[in-house]
2 protein chains.
Amino acid sequence: MPAELSTVLLVERHRGTLDKALEAVRTRAYWSPYPEHPKAYADADEGRAAFEALLGHRFPLEQPGTDEWTDGEHSPYGLELGVEYPHPDVEVLLPAMRAGMAAWRDAGPEARALVCLEILARINARTHEFAHAVMHTSGQAFTMSFQAGGPHAQDRGLEAVAYAYVEQVRTPESADWVKPQGKRDPLSLRKAFTAVPRGIGLVIGCNTFPTWNGYPGLFASLATGNAVLVKPHPRAVLPLALTVAVARDVLAEAGFSPDLVCLAAEKPGEGLAKTLALRPEVKVIDYTGSTAFGDWLEANARQAQVYTEKAGVNTVVIDSTDDYRGMLSNLAFSLSLYSGQMCTTPQNLLIPRDGITTESGPRTYDEVVADIAGAVEGLLGDDARANALLGALVNPEVKARLDAAPGIGEVALASRAVTHPEFPDAVVRTPALLKLDSAKPEAEAAFMVECFGPVSFAVAVDSTDAALALLRRTIREKGAMTVAAYTTSPEVERQVEEVCWEECAQLSLNLTGGVYVNQTAAFSDFHGSGGNPAANAALCDGAFVASRFRMVEVRRPA
Amino acid sequence: MPAELSTVLLVERHRGTLDKALEAVRTRAYWSPYPEHPKAYADADEGRAAFEALLGHRFPLEQPGTDEWTDGEHSPYGLELGVEYPHPDVEVLLPAMRAGMAAWRDAGPEARALVCLEILARINARTHEFAHAVMHTSGQAFTMSFQAGGPHAQDRGLEAVAYAYVEQVRTPESADWVKPQGKRDPLSLRKAFTAVPRGIGLVIGCNTFPTWNGYPGLFASLATGNAVLVKPHPRAVLPLALTVAVARDVLAEAGFSPDLVCLAAEKPGEGLAKTLALRPEVKVIDYTGSTAFGDWLEANARQAQVYTEKAGVNTVVIDSTDDYRGMLSNLAFSLSLYSGQMCTTPQNLLIPRDGITTESGPRTYDEVVADIAGAVEGLLGDDARANALLGALVNPEVKARLDAAPGIGEVALASRAVTHPEFPDAVVRTPALLKLDSAKPEAEAAFMVECFGPVSFAVAVDSTDAALALLRRTIREKGAMTVAAYTTSPEVERQVEEVCWEECAQLSLNLTGGVYVNQTAAFSDFHGSGGNPAANAALCDGAFVASRFRMVEVRRPA
């Protein structure tokens, strides 16, 4: 029986997109095939209806080895989702997944990439439905759920496919090797090279960005020939269950085993990730989450290639600026977006205790802190805009940290509860900003750990030199997903660059407009560096894909 | 002061070679810039004299932090080399190495690659001198020391430089990113991308192939901006000391710190590799040697990227052939070359107990074994040829294993001592071949461990199917650097390919001429796969270089 999705059809549909993605990662210019504006998608009402139709039902996923069904997602906006997902008997599921791998391997890098692009295209076509699923698991506001959970996540998935494809085709499928032997006949061999998968790739999803953080690993592993088992965060299953369902449909239509992509939902308190991570069949692991579990995976899942994004402490060095208002509004937005629940949100704002220079004269430390606080208040003064930016607190732990924040230091900006018009049970909070003095040991104990959520620290430092030293120590000891700096001094600029080069952190300089330190663009920006304790991998580079497969050579006399 | 070796000069000298290397790894066709025939090099006498002038003296290497000098190399051919090497005070040496890294990073990928090519060119020009150093530390016969220790090692070094270069320039140095915003002004950023090194790369050398196994890691780390500390095997220091000296000269002449490449010779029984491997400054480790220490490094040197080549059990599946004589002579050569002291030498020859088919009719198991033994005897019957092929046993442990071999099984071919005309103290031995029956548990206990040295096993198996099952289990449990198979059956060929694809091992099929399973050619063949327990890395692929650096991005408003 011929596959419904033939390679010819897939080439016609997606080869052009793949080529553009390959070009984009080479030039790093702006590009995306997936529009980010909700109005670009016609299915707003159908998407919402499709999401709502899923609620309270068993999720339609026919996988081998389902021993029971599990649920328990509670939307940060107050809904009980009530969707049931298959819980795996891994002794049945893992062999079934492996059974499809030989044909998937034999299909070769291009066919695999095109199947992945078809999966992404179908996900893209259902972006509205996915946006509601992301919103009601992550707590992101709708627009962010739509963009970050939709096209931006799809971009990151496509970027991973592009890297995976190019890495595999660096070596030709075959080669004729002819070595001269002087007057004797040359030695001649015919060589065949096959990209072979490592095994099963395990994707361990996170609560805040189930698709954005899940897609790179999922698509990188799948495109390199592995089967992929997706173990979502128990509070954010739905977006990844939808993803798995789409992937299975496409794989089957293209003539491959749908079991190449499966879902592993866990029972409450089960700790399924730990069990799966140590299975011998699991050879690749992608994880986003706490440092403790990430470190555990790196130390214990020794049979696997482990890619982790863990916690970090993100710093902003404020030395000077020639656009003070631009700086304030840019920082206010970064601190507010999704209530600071991004791995990229700045936490420590390092400000010289003697103040900074601006285009309109010096500003003292106290003035700068008050002005940042004021900018946040101005940005979030209107409840509708606040709701649209903040979203809801993703889980009770974040709220507990926010509630405890006033005990850490002098409150420069108090958090405020915002009522959500549509979802009164949503826990919506503006960010808190606290003053800390770097000279005080108890202050350092507070700001040198990640305080995930809408809590930031305005840290008074002796000087910009002291700020750079603290920046260096923070990256080296705690890691950083992002670093930002504001300075009008070329010398300081060079010094902060040097710190970031030496400690391996991604730097944004003097952002005062509509680009924010906590946002990165696929195909152009690297997310994380992989070179400091916040993450052992970057999205997306050669290192992220190169170890997900191996090249096996068969040589024979020509 | 301008550098003696300007970039302009280096481009003129080496950019063409780099481009050819890049092309070769893309096409995998035969190529090498370094001739392998000794006669292609004019310096035979000077090379020998240069080697001899080193003996009994302190090796000329001015490194920071030398706290004492250490010696102790004893040639497998009987000479006491009597060369003294600097022993490091690591508290002084490592900071001195790090001090040069910022300038080396700033030089960029092309300048680093060209400096590496100049180092390789100077090593190449002294190949005769290196050959004697390799011969009198590894025990290889002169021709092999010359080829494998000279041009072939240089090839592997150049291959690593090519991979490192291309990996770094996949991302442009800078990019203009302009994102349309509908009717508003577009968002514009200027982005700069810098390949930054991880830290100090530690190369832990081996006894048998100090340059061939040492150069890929050394040059991959250096070309990606790291400093490199070379910790040679205590019995094979000289070839790597020469390498380090050349590298230091070139770096200094090119205007960089010579301390970017240093030697760390150890005192007897010191275990210096263990100490160095856990230093926080060491971020990359390349190791060739025992499984026990390789596993220890992978488990414990968690601050570093660890690339290991460890032990494996290499298998030859003998099913059938249409060139029986060719098979016999090819196998005889593979078993004899360097007395089987290659990580790629076949150990287990799996032969159906009912025999095999050949172009001139069936041969029983006993006949095949006797014919292989006869082919080895024929190949090594002449002492001059035996000496030229075998070399000397590298160390007493290999001799002890060989001496114990007759106790393992029925002797099909006894080892014989060969006298070396020039070096009467050399321990030269022909290989032993033992018969084992796979049905007997005590036999499996023998053939399922690596017996490094000139000992092979003719293992009787129930059938070719049984051979394939045993092959699969051997690769999966013990690893394999090489697999070979002889068959005239397309079906068996497909089955053995499937085993090698699934278990991730490099396969040579039906080699009957002048290419041997234990030899690989740089730019074309992968050495190891990185996907089975024999090695976690392959020479050379993207995975071998991609994690040796990280890309740090600095973005600012355009």
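Just so it is clear, none of the values below were taken in a lab; they were calculated from the coordinates. Note that this is a predicted model, so its numbers are computed, not measured. Glycine gets a Cβ as well: all are built from the backbone with ideal geometry, and neighbour counts include every protein chain shown.
Charges only on Cβ, +1 for Lys and Arg, -1 for Asp and Glu: so what's the dipole of segment B:315-509 about the Cα centre, in debye to the nearest 20? Show your work: numbers first, answer last.
Details: 15 positive and 29 negative charges, 98 e Å.
I would put it at about 460 debye.
Tell me the distances, shortest first, between A:ALA299 and the same position across the other copies, using label points 7 Å along Cα→Cβ, in nm to one decimal.
1.4
List the lysines whose Cα sits under 21 Å from the Cα of B:LYS440, skipping any in the same chain fewer than 8 residues away.
Once the sequence-local lysines are set aside, what remains near B:LYS440 is B:LYS478.
For B:LYS310, which aspartates and glutamates qualify as cross-link partners when the Cα separation must be under 12 Å and same-chain residues fewer than eight apart are set aside?
In chain and number order, the partners are B:ASP286, B:ASP295, B:GLU298, B:GLU450.
Starting from a label point 7 Å past Cα on the Cβ side, list the distances from A:PRO396 to the same position in the other copies, nm, shortest first.
Label-point separations across copies, in nm and ascending: 6.9.
How much of the DSSP beta bridge set in segment B:315-509 is antiparallel, as a percent to the nearest 5? All intermediate terms of the calculation are to be shown ahead of the outcome.
Values: 8 of 30 bridges.
So the antiparallel bridges in segment B:315-509 amount to around 25 percent.
Stokes-Einstein diffusion coefficient for segment B:133-209 at 4 °C in a medium of 1.567 mPa s, Rh from the Kirkwood formula over Cα pairs: what value in µm²/s?
Details: Rh = 17.0 Å.
My calculation gives 76 µm²/s for D.
Let me know the longest stretch in chain A that avoids all GluC sites (Glu not before Pro) found in a DSSP loop with at most 10 other C-beta atoms within 10 Å. Write out the running numbers ahead of the final one.
Details: sites that count: A:GLU62, A:GLU422.
Excluding the exposed sites themselves, the longest stretch runs over A:63-421.
Under the definition of partner shielding as Cβ atoms of other protein chains within 10 Å of a residue Cβ, what is the mean value for peptide A:502-513? Working shown, then result.
Numbers: counts 8, 2, 9, 4, 6, 6, 7, 7, 3, 4, 1, 5.
The mean count of partner-chain Cβ atoms within 10 Å per residue comes to 5.
Please report B:PHE523, A:PHE130 as a ranked list, fewest other C-beta atoms within 10 angstrom at the top and most at the bottom.
Numbers: B:PHE523 25, A:PHE130 28.
Arranged by neighbour count, lowest to highest, B:PHE523, A:PHE130 become B:PHE523, A:PHE130.
What does the charge dipole of the protein assembly as shown about its Cα centre add up to, to the nearest 20 debye, if the Cβ of each Lys and Arg holds +1 and the Cβ of each Asp and Glu holds -1?
Values: 98 positive and 140 negative charges, 161 e Å.
I would put it at about 780 debye.
Please report Rg over Rh for chain A, where both radii come from the alpha carbon positions and Rh follows the Kirkwood definition. Write out the running numbers ahead of the final one.
Values: Rg = 24.6 Å, Rh = 24.5 Å.
So for chain A, dividing Rg by the Kirkwood Rh gives 1.00.
Sort B:LYS310, A:LYS179 by Cβ crowding within 10 Å, fewest neighbours at the top.
So the ranking, lowest neighbour count to highest, is A:LYS179, B:LYS310.
How high is the relative contact order of chain A, in percent, with contacts defined as C-alpha pairs under 8 Å that are six or more residues apart?
Details: 1258 pairs, mean separation 96.4, N = 558.
Relative contact order for chain A comes out at 17 percent.
Using only DSSP helix segments of four residues or longer, with each worth -39500 (n - 2.57), what per-residue ellipticity at 222 nm results for the protein assembly as shown after dividing by its residue count and rounding to 500? Before the final figure, lay out the partial values.
Details: 38 runs with 467 residues, N = 1116.
The helix-only estimate for the protein assembly as shown comes to -13000 deg cm²/dmol at 222 nm.
Straight-line reach from B:LYS183: which lysines fall under 27 Å, measuring Cα to Cα and dropping same-chain residues less than 8 apart?
Of all the lysines, those that pass the test against B:LYS183 - Cα under 27 Å, at least 8 places apart if same chain - are A:LYS20, A:LYS39, B:LYS191.
Please work out the Kirkwood hydrodynamic radius for segment A:94-164, using every pair of different C-alpha atoms, and report it in angstroms with one decimal place.
Working: mean 1/r = 0.0737 Å⁻¹.
Kirkwood hydrodynamic radius for segment A:94-164: 13.6 Å.
Calculate one ³J(HN,Hα) per residue across segment A:433-449 by plugging θ = phi - 60° into the Karplus curve 6.51 cos²θ - 1.76 cosθ + 1.60, and present them in order as whole Hz with x for glycine and proline.
10, 10, 8, 9, 10, 4, 6, 9, x, 5, 5, 4, 4, 7, 7, 8, 10
Let me confirm one metric for peptide A:184-192, namely the mean number of other chain beta-carbon atoms within 10 Å of its residues' beta-carbons.
Numbers: counts 1, 2, 2, 5, 4, 9, 1, 7, 3.
If you average over the peptide's residues, the count of other-chain Cβ atoms is 4.
Between the label point of A:HIS57 and that of the same position in each other copy, find the distances and list them shortest first in nm, with every label point placed 7 Å from Cα along the Cα-to-C-beta direction.
Ordered by increasing distance: 8.6 nm.
Rg/Rh for the protein assembly as shown: what does it come to with C-alpha atoms and Rh from Kirkwood?
Details: Rg = 31.0 Å, Rh = 31.1 Å.
Ratio value, two decimals: 1.00.
Return the percentage of antiparallel bridges among DSSP beta bridges fully within the protein assembly as shown, rounded to the nearest 5 %.
On the way: 64 of 150 bridges.
Of the beta bridges lying entirely in the protein assembly as shown, close to 45 percent run antiparallel.
Treating the beta-carbon of each Lys and Arg as +1 and of each Asp and Glu as -1, no other charges, what is the dipole magnitude of segment A:427-552 about its Cα centre, to the nearest 20 debye? Can you show the working numbers first?
Details: 10 positive and 15 negative charges, 106 e Å.
It comes to approximately 500 debye.
Express the C-alpha Rg of segment A:338-460 as a ratio against the empirical globular expectation 2.2 N^0.38 Å, rounded to two decimals. Write down the numbers at each step before the final one.
On the way: Rg = 14.9 Å, N = 123, 2.2 N^0.38 = 13.7 Å.
Ratio of Cα Rg to 2.2 N^0.38 Å: 1.09.
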